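Read through the structure below, which is laid out as structure tokens, and then see the notes.
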Amino acid sequence: MHKHFSILFIVLFIFALHVLAETRPVKFGAFQISHSITLPGTPDALFDRVTGDISDWWDHSMSDNPLKFYIEPKPGGGFYEIFDESGNGVKHAEVIYAHRGKLLRFQGPLGLSGNAIQLVTTYQFEAVNPDSVKLIVTVNAAGQLEEGWAETVDSVWYHFIFERLKPYIENQTGYYKQ
């Protein structure tokens, strides 16, 4: 009798799990995108403009009206979106490499938070001449991939670099003299 109750319990437990759980297959893969642009300034000055408070040019958010975006340019630092004065927000990524004027690298899901995906984003700074810098942004992504995500990530980074950062930098009076 005890054996029958044990078997019945196991069958009911498995059935309950099946009823409560929803599963769906997820596609996994990887992709890389890269954009480069030459901007006025020195490598150090440009590094300083793409770290710290980036609210003036970063415009994709997880809240309707974010208070602030900022990147702490040091190993272990964060790429944060602060929603309000109470400190609610999200850590989009963690800085894993920071060398002022040379390279910044951070890893995290950025706007794909909540999915099983990791993005490693690298900013490389190369002096072209004394008053201009080549910025190379490379994003390597691996993990859960939905149809069209590679194209979306590519177009979002194009937007950030060419439609937001470029005009922001070009309109900064004298920043590149630092």
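No value in this document is a laboratory result; all are computed from the given coordinates. In this text, all values refer to a predicted model and were calculated from it rather than measured experimentally. Reconstructed Cβ throughout: ideal geometry from the backbone, glycine too, with neighbour counts over all protein chains shown.
About its Cα centre, segment 27-177 has a charge dipole of approximately 540 debye under the convention of +1 per Lys or Arg Cβ and -1 per Asp or Glu Cβ, with nothing else charged. The residues LEU145, LEU103, when put in order of fewest to most other Cβ atoms within 10 Å, stand as LEU103, LEU145. Relative to the dominant Cα principal axis of the chain, helix 2-20 is inclined by about 30°. Computed over neighbours whose Cβ is under 15 Å from that of GLY52, the net charge equals -2, Lys and Arg +1, Asp and Glu -1.
Once you divide the Cα radius of gyration of segment 27-177 by 2.2 N^0.38 Å, the number left is 1.03. Each of GLU22 and ASN115 was given a label point 7 Å from its Cα along the Cα-to-Cβ line. The distance between the two points is 1.8 nm. Sequence-ordered 3J(HN,Hα) estimates for segment 25-30 from the Karplus curve with 6.51, -1.76 and 1.60 and θ = phi - 60° stand at x, 10, 8, 10, x, 8 Hz, glycine and proline given as x.
Just tell me which aspartates and glutamates come within less than 15 Å, Cα to Cα, of LYS68; anything on the same chain fewer than 8 places away is out. Straight-distance partners of LYS68: ASP53, ASP56, ASP59, GLU81, ASP84, GLU85. Please give the helix 149-158 orientation as an angle from the longest Cα principal axis of the chain, in degrees from 0 to 90, rounded to the nearest 10. Roughly 20 degrees between the two axes. Counting charges near TYR168 (Lys, Arg +1; Asp, Glu -1) among other residues having Cβ under 11 Å from its Cβ returns a value of -1. Residue-wise HN-Hα couplings along segment 46-55, as the Karplus relation 6.51 cos²θ - 1.76 cosθ + 1.60 with θ = phi - 60° gives them from phi, are 5, 3, 5, 7, 9, 10, x, 6, 10, 4 Hz; Gly and Pro carry x. Here the sum of -39500 (n - 2.57) over DSSP H runs of 4 or more residues, divided by the residues of the chain, equals -7000 deg cm²/dmol at 222 nm, to the nearest 500.
Taking Cβ atoms as reference points and 12 Å as the exclusive limit, the residues near ALA116 contribute a net charge of 0, counting Lys and Arg as +1 and Asp and Glu as -1.
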